[in-house]
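Student: Supplied in structure tokens, the structure appears directly below.
None of the figures in this text is laboratory data; all of them are computed from the coordinates on show. Fair warning: this is a prediction, and the values are worked out from it, not measured in the lab. Neighbour counts run over all protein chains shown; Cβ positions are idealised from the backbone, glycine included.
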């Protein structure tokens, strides 16, 4: 890293404080202890920031990478359960090493795999983990965020009704069957994320967040689907058509039920983006809120 | 650009010739004269290369960017019809300025828009243009490639049959109607490309290549679809289900019929990639061949 | 777009309002009238959002793309000066068409070129324009943001001092010359952005923002540099070494001086990221603030 | 995966064979046994292809993902040394399961880390591994490729001479010192790759390829550099200025010396790309050749 003594500590010519100074695109292997005692290695992409007062020319950025290295090394010997716990540890140590900073922020992103069984076939499915921690010196608090990104499938409820109306008009005698079975519609790859920010002492399990999203889309996706299983999955997805708006709301609803014990101050961010198969652009829905607001 | 006289012309310590030396990620606005006299400005991303003999330490890379700038400036006053014609002009001029090179290569890529009408609504649809020219000093030839990338939709023929079988089994009396109407299946965003490499004097129109691809997928996509038009498009796409293999073969078939007058030596490359809605991965089919081989 | 009547207007099962619903990755050519009357075509990537009340199942997303298309078509006939003005127009029209929405948001991003002269050579240099507008129904206000992203060069002040000390220690008699000339250091590609959000009636010129950034890095970059000009540029960049922290502060200082007439409420966001040549990661500095806070 | 019995085996309407049909962007954790017995988990991105005869409508793509899954599962129990060995195993098994295919191809790409020590500081440095295997049914052969991508630093030799000339002209009495010490120049992040394709029975160690590239650039890069070490590294990099052309040739030279025992038929591909700090574009040099040709 760049700088250690003289130059950084000198007074800057233009005396503005800075919101965040740090490093981005640091890549490191990270060891975490997942549910049921399984220890896994993740390849994390890391960002490390502190704020900088107006009378200091530069932050000692090499310290950020050093702290991350030390705590990640230690985690090989005694793994913590989540990326967000590592972020929290690193953010606290960064405040110690940057005496001039009032806050520190650490972000991580990593590929993640869970074994799923579908129609008798097991496969390792791919997800993304997101984590962040922010430590505030004055409040003495650390807030940590745990998030996941999940690739699923959405089938459009609107086009399905239009197609059904058309079929009913053409085949009026089959009305009963047509109303009782899902009609064809456009469906597509959907990427949804759910992030929950909690006080340091609270715990949220990433695997639960993945399950919440997979239950909220028209269907989860699988790497291996034999012929019959594929037909079954497609049929079921059409029995549960969803706008991106529906996906976000359904996730919010499940979050409310799942985390009854978390405090009102907990932040929830949900984004659902469908790579529309009938357009060249994507449809997106988002909600950022607190558990308190959702409970009202 | 980096270097002009002494250092580049010095003898390198390790005397290997180099296949290609040049610049990448040069961005420039480019003016071309499209069919029906329409002059359009494209933002091209450009690559410019020459080969380098074993006794020359460096290529004079600033000349590449200079030549490109001069010819693109000239094209504002007298526009040429295609990106590939610009690539050809620049590649020839590059051979003049790099006396030591035996070949030069120029590539361009640009966003491109065509007005489309669908169900009474007009919209500007987005495509990508690809172009390349390679000039060979000894043969005195220039070959130019013109290509397009198109976002469309594919509906899976296999899952459709499985779903139909299931419906027929459950509703045997409606067998007639079920066999006569498309069943639901998974469908998704598909990106297909078609590239044709011809001798300099031949001409291939990019708009025709776009049309060939849009006719070969289950359905083109549109930025604006009102309710009824959307249902209609989805229904029609399901009347024409396609694997990526089908898309590539259908494109090849249309190329054969369209370009009867082009010589056997013409190179054709077709790639079709579907962002599978039921998987987290993509399905891909490719064919690289010559018109001569296709005609056999 | 997906949906027009029935399904969207139905009541959702789970009654949560949504922060933003819309489309992303819409690509359109856009015409703007730049300083000195020059009309240029930009290829914009567009995002269009509204909020959604809790009692409405879906937003009518096709309207977003329609409104954008209509206003961009109109801009071909009577061009407005900036992307942000187009965003403002579209955001206001979106509130009219989505009667249930309390706010709308439009974002655009586009490649942009300016002619620069350096050492007697003219070249078209590449930049990015960023724009956004947010319309609020209750306040009746529109705020618009105009921003730029500029690729420049930074030379590290800290390594330069270390190298200089080392040379002085080894060549004590040349101390005078060594202290008077810049020493070698690591330098690298830097990408900095400056975004300014103003009330609708205020105007900020993107070309000025580009100039502010180019004056604040160690050196602007150029597509064509002949041998002598390249040496000169490199030497001058080393006479003005800069941390990313320095770049951000220098930009803030120039913004303060340039925009004395803008109100205190104006938002300013500056980010500077150096693709460190001695590390595999990047160094980043940021400041988000208001003009009022900077003036204190 | 999509299809298993009927539809794929049916005759296609348009009878063209296809060069490659398969899947892309499959992500899987992969276990390999590195030098000195260390077992590491890599997150691989995988592509799996076969060719398809003209009389078969579709390839059974689910088999590709199944084969990959089985062989990767097995590798957890008995790890093989390299990604390329996994590719070779999978490609051979794919030929067994796709009786109609004449060739199969498997590609993998993964983040990779090696512990490096620099100036007394240890850090895990980030690299990319590239691997491929192609199995040909008729020849009964498998060729495998092993490659690496390394981020290093290049300092320009040309600008250095211009700056030195200028300093000598201005300080003629210091000519001796100025000629004996490196002058300042532009330097930047460089990404170089080296790929070697060998017959199945030959072995090439990825760690050796990384070392070859790090020895060939102006300097390797490190995640942690304290003040003194940073100055030292920068100074040394300037003692070894390199064009991208020099980097490629130096790599070729080291490959020749290192792999005296490999046969003439071995394919070597070297690419070096510098993210020029004085331009917005990149400089690139490439060589694709055989060991036999290099030995001549």
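Student: Using alpha carbons only, how many degrees (0 to 90, rounded to 10) separate the axis of helix D:157-170 from the longest principal axis of chain D?
Tutor: 10 degrees
Student: Then there is this: If I fit a long axis through the Cα atoms of helix D:83-97 and take the longest principal axis of the Cα atoms of chain D, what angle between them do I get, 0 to 90°, rounded to 10?
Tutor: Taking the Cα atoms of chain D, the angle to D:83-97 is about 20 degrees.
Student: So, R0 is 60 Å and r is the distance between the beta-carbons of residue A:115 and residue D:173; what FRET efficiency does that work out to, to 0.05?
Tutor: 0.20
Student: Something else about it: Could you work out the mean count of beta carbons from other protein chains within 10 Å of each residue's beta carbon in B:155-168?
Tutor: 6
Student: When Cβ neighbours within 10 Å are restricted to other protein chains, what is their mean count per residue of peptide A:114-124?
Tutor: 2
Student: Using a label point 7 angstrom from Cα along Cα-to-C-beta, what distances in nm, from shortest up, separate residue B:267 from the other copies?
Tutor: Residue B:267 label point versus its equivalents elsewhere: 1.5, 5.0, 5.2 nm.
Student: I would also like to ask the following. What residue of chain A sits with its beta carbon nearest the rotation axis taking A to B, and at what distance in whole Å?
Tutor: Here the value is A:184, 2.
Student: Over the range C:11-110, what is the mean sequence separation of C-alpha contacts under 8 Å (at least six apart), divided by residue count, expressed as relative contact order in percent?
Tutor: In percent, rounded to a whole number, it is 34.
Student: Would you mind getting me the FRET efficiency between residue B:78 and residue B:293? Use the beta-carbon distance for r and R0 = 45 Å, nearest 0.05.
Tutor: Taking R0 as 45 Å, the efficiency between residue B:78 and residue B:293 is 0.75.
Student: How far is the Cα center of the range D:204-227 from the Cα center of the range B:179-253, in Å?
Tutor: 47 Å
Student: How would you order B:55-64, B:158-167, C:152-161 from highest to lowest mean count of nearby Cβ atoms within 10 Å?
Tutor: C:152-161, B:55-64, B:158-167
Student: A further question follows. At 7 Å along the Cα-to-beta-carbon direction for both residue D:260 and residue D:205, put a label point, then send me their distance in nm to one decimal.
Tutor: A separation of 1.7 nm, rounded to one decimal place.
Student: Just the number, please: Stokes-Einstein D of the range D:140-296 in µm²/s, Kirkwood Rh from C-alpha pairs, 37 °C, 0.692 mPa s.
Tutor: Stokes-Einstein gives a translational diffusion coefficient of 191 µm²/s.
Student: Something else: Mind running the shape call on the protein assembly as shown? Use the C-alpha gyration tensor, a ≥ b ≥ c as the square roots of the eigenvalues: rounded below 1.5 for a/c, prolate if a/b tops b/c, oblate otherwise.
Tutor: Rounded, because the longest to shortest axis ratio a/c is under 1.5.
Student: While we're on this one: Tell me the mean residue ellipticity at 222 nm calculated for chain D from its helices only (DSSP H runs of n ≥ 4, each -39500 (n - 2.57), averaged over every residue, nearest 500).
Tutor: -10000 deg cm²/dmol
Student: Let me ask you something else. Once a ≥ b ≥ c are taken as the square roots of the eigenvalues of the Cα gyration tensor of chain D, is the result rounded (a/c under 1.5), prolate (a/b larger than b/c) or oblate (a/b not larger than b/c)?
Tutor: Taking the square roots of the gyration eigenvalues as a ≥ b ≥ c, chain D is prolate.
Student: Can you give me the distance in nm between label points at residue C:102 and residue C:54, each placed 7 Å from the Cα along the Cα-to-Cβ direction?
Tutor: Distance between the two pseudo-spin positions: 1.2 nm.
Student: Where is the GNM fluctuation largest for chain C (alpha-carbon springs, 10 angstrom cutoff): C:213, C:224, C:46?
Tutor: The residue with the greatest mean-square fluctuation here is C:224.
Student: Measure nothing fancy, just the Cα-based angle from helix B:206-216's long axis to the longest principal axis of chain B, in degrees from 0 to 90, nearest 10.
Tutor: Taking Cα atoms only, the helix is inclined about 30 degrees.
Student: Let me ask something else. Find the relative contact order for chain B and round it to a whole percent, using C-alpha pairs within less than 8 Å whose residues are 6+ positions apart.
Tutor: Taking the mean separation of contacting Cα pairs over the length of chain B, I get 14 percent.
Student: While we're on this one: Across peptide C:54-62, how many C-beta atoms of other chains are within 10 Å of each residue C-beta, on average?
Tutor: Across the residues of C:54-62, the mean count of other-chain Cβ atoms within 10 Å is 5.
Student: Right, here's the next one. Where is the GNM fluctuation largest for chain B (alpha-carbon springs, 10 angstrom cutoff): B:122, B:143, B:242?
Tutor: Highest fluctuation among the options: B:122.
Student: Between residue B:128 and residue C:40, what is the FRET efficiency for a Förster distance of 25 Å, r being their Cβ-Cβ separation, to the nearest 0.05?
Tutor: 0.75
Student: Shifting gears a bit: When only Cα pairs under 8 Å and 6 or more residues apart are kept, what is the percent relative contact order across the range B:45-162?
Tutor: 25 percent
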